[in-house]
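Below: the structure, in structure tokens.
The values are calculated or read from the model by the stated rules, or taken from the named source; none is laboratory data. Just so you know, these numbers come straight off a predicted model, no measurement behind them. No Cβ is skipped: glycine too gets one built from the backbone with ideal geometry, and neighbour counts run over all protein chains shown. Areas reflect the complete protein model, heavy atoms only, side chains present, ligands, DNA and RNA absent. Shrake-Rupley method; radii C 1.70, N 1.55, O 1.52, S 1.80 Å.
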Amino acid sequence: MSGAVPEPLLRELGRTEGGSEALGLLVRDQHTRRLVLLRALLDAASAAPAAVCAPGRLDRLRQDWALLEAAERADRAATRSVLLHPLAGPWAQRCLRGLTAAAPTPELTADLAHFSALAAAAAIRAGLPFETRLTAPDGLLVLPTLGALRTGPGAPVVHVAQTEREVTLRQGSAGVVTIRLEESGAASGDPRWLPVLTLPAVLPGTAPVPLDDLDPYRTAGSGLQRFGLSSVAGLDGSERAAWRDLWAGVAPMLRTGGAHRIAETAVLLRCLVPLSPPPGSAAGAATGPPSSREGAAQCSGTRREAFGAILSSRPATAAHFASTLVHELQHTKLAALAALTPLHHEDATPRHFAPWRPDARPFDGLLQGAYSHLALADYWQRRALGTDRRSARDAAWAEHARCQEQVGAVLPVLAASGALTPEGRVLVNEMISMYHRLADTPPPPGHLARAVAYVRTARMIWRQRNAS
């Protein structure tokens, strides 16, 4: 084994768990990668031809970098909260692709201008006195993690300043908008300011969770359009209240699903991005692209370049909200682990049956899906055993039985692979052990029979669709 991940920690992660040491290792590695990526942006801009990055734009980038360094000296933790914000990842990767392209890309100018907004947001968070001028593309100036200023059509210039007392945003003769930082976010009495909604931390002493419906890069390049999905373009007051009310019930649900579930949520979840419900459905409860069930009324997903973010339409219940977090955070964990140490050397050919998908899956997708569904089987079993309400217990057993049977259908394929690395073999062996441990407490016979029939039917339909 490579030694990048100590075997005891790898075994914890293989059980879809992970204590503070294991999760901390994944988080530190991802944060280091983000900081290296941001530095690579400045280096790529310096090396880019003038046709890609004009001298004036390069000078502005260097000024913004100097502001970031000053903010970091003033308050490192506050500055890092902006630089390590999940949605800065998709932006940074797109910027780097544009700067290293052979010819200028249409979106590069706006992407580079966003660096100025990022630096200003970091300086505001750090409490650093400064002044700068920012451009508001499409009539909206977004300050990452804080909120956005509505400026009207076009791309007006906004003067941003912070003194020891306040932050002001001034656009020409439109008047000054004053914002103030509070524990719940950046607030203002001016209706032109749209704050990012901040949901309370799931555990005392941990970070609150922004529900970010404003960041321009929240779904850019995510491929959501292939599934007919889109992000919500601004939540109204009633929608924000609905998310807040649902969120209030999530922590109790996570606790009954196991102490490790609420702990991993507190450590890993750094941002929620609200999505519109899937086409042809109302808000409901299932899990979504690319792991959606056909006809599902809810969709959710993660992005490898946005570590710590979960994209989701609004679930129907707190129990399903919690299960969405459990599901998607396993993808977050496994993707971070795979970045730290290779788990297999299989190719990307889509050839495998997965009971949770209608299409053929590559080996890595099969591993990801089995891992997340194993965690769901654990979550729902604990929910079933931990509730006295018969209806809730039956619903939990049904979910557990389906997930457990789905995982059982693909574990033999994972175990038979000769392309697993030593780390991947440890991980899969632990998954198998956990699967058998869950089977020691089976669901009521009726639920098990229905789950077996569900997977059998899914396999039959899959064979018909993927005969070639």
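Counting protein heavy atoms only, region 335-468 has 54 percent of its accessible area on carbon and sulfur, 1.4 angstrom probe. Taking semi-axes √(5λ) of the Cα gyration tensor in Å as the quantity of interest, determine which of (i) 36, 27, 16; (ii) 41, 25, 21; (iii) 36, 27, 19 was computed from the displayed structure. Comparing each candidate, only (ii) matches the computed number. Taking max minus min of the alpha-carbon positions on each principal axis, region 311-376 gives extents of 39, 30, 19 Å, largest first.
Using C-alpha pairs under 8 Å with a sequence gap of at least 6, the mean separation divided by the residue count of the chain gives a relative contact order of 13 percent. Surface composition of region 40-165: carbon and sulfur make up 53 percent of the accessible area, probe 1.4 Å.
Using alpha carbons only, how many degrees (0 to 90, rounded to 10) separate the axis of helix 318-340 from the longest principal axis of the chain? Here the helix axis deviates by roughly 80 degrees. What relative contact order, as a whole-number percentage, does region 69-141 give when Cα pairs under 8 Å and 6 or more residues apart are counted? Result for region 69-141 is 43 percent. Could you tell me which trypsin sites (Lys or Arg not before Pro) in region 100-187 are loop residues by DSSP with no more than 13 other beta carbons within 10 angstrom of their beta carbon? Counting only loop positions with at most 13 other Cβ atoms within 10 Å, the trypsin sites (Lys or Arg not before Pro) in region 100-187 are R165. Per residue, the accessible area of the chain comes to 42 Å² when a 1.4 Å probe rolls over the protein heavy atoms.
How much mean residue ellipticity at 222 nm does the chain get from its helices, if each DSSP H run of length 4 or more adds -39500 (n - 2.57) and you divide by all residues, to the nearest 500 deg cm²/dmol? Before the final figure, lay out each step's value.
Working: 14 runs with 237 residues, N = 468.
When only DSSP H runs of four or more count, the value is -17000 deg cm²/dmol.
Only bridges whose two residues both fall in the chain count here: according to DSSP, what percent of them are antiparallel, nearest 5? Before the final figure, lay out each step's value.
Details: 32 of 38 bridges.
Percentage antiparallel, nearest 5: 85.
Could you tell me how many degrees, from 0 to 90 and to the nearest 10, lie between the Cα long axis of helix 259-268 and the main elongation axis, the longest principal axis, of the Cα atoms of the chain? Helix 259-268 sits at roughly 30 degrees to that axis. Peptides 426-434, 318-326 ranked from most to least packed, by the mean per-residue count of other Cβ atoms within 10 Å: 318-326, 426-434.
Using the Cα centre of region 330-412 as the reference point, and only Cβ charges (+1 on K/R, -1 on D/E), how large is the resulting charge dipole? Debye, rounded to the nearest 20.
On the way: 10 positive and 9 negative charges, 68 e Å.
That gives region 330-412 a dipole magnitude of about 320 debye.
When region 339-408 is described by a simple charge dipole with +1 on each Lys and Arg Cβ and -1 on each Asp and Glu Cβ, the residue from P358, T387, Q368 located farthest towards its positive end is T387. The H on the amide N of G147, modeled in the peptide plane, is under 5 Å from the matching H of V196, each at least 5 residues off or on a different chain.
What do you get for chymotrypsin sites (Phe, Trp or Tyr not before Pro) in region 191-230 restricted to DSSP loop and a cutoff of at most 15 other Cβ within 10 Å of the site's Cβ? Mind dumping the intermediate values first?
Numbers: sites: W193, Y217, F227; in loops: Y217.
Listed in order of number, the matching sites amount to none.
Between helix 390-416 and the chain there is an angle of about 90 degrees, using the helix long axis and the longest principal axis of the Cα atoms.
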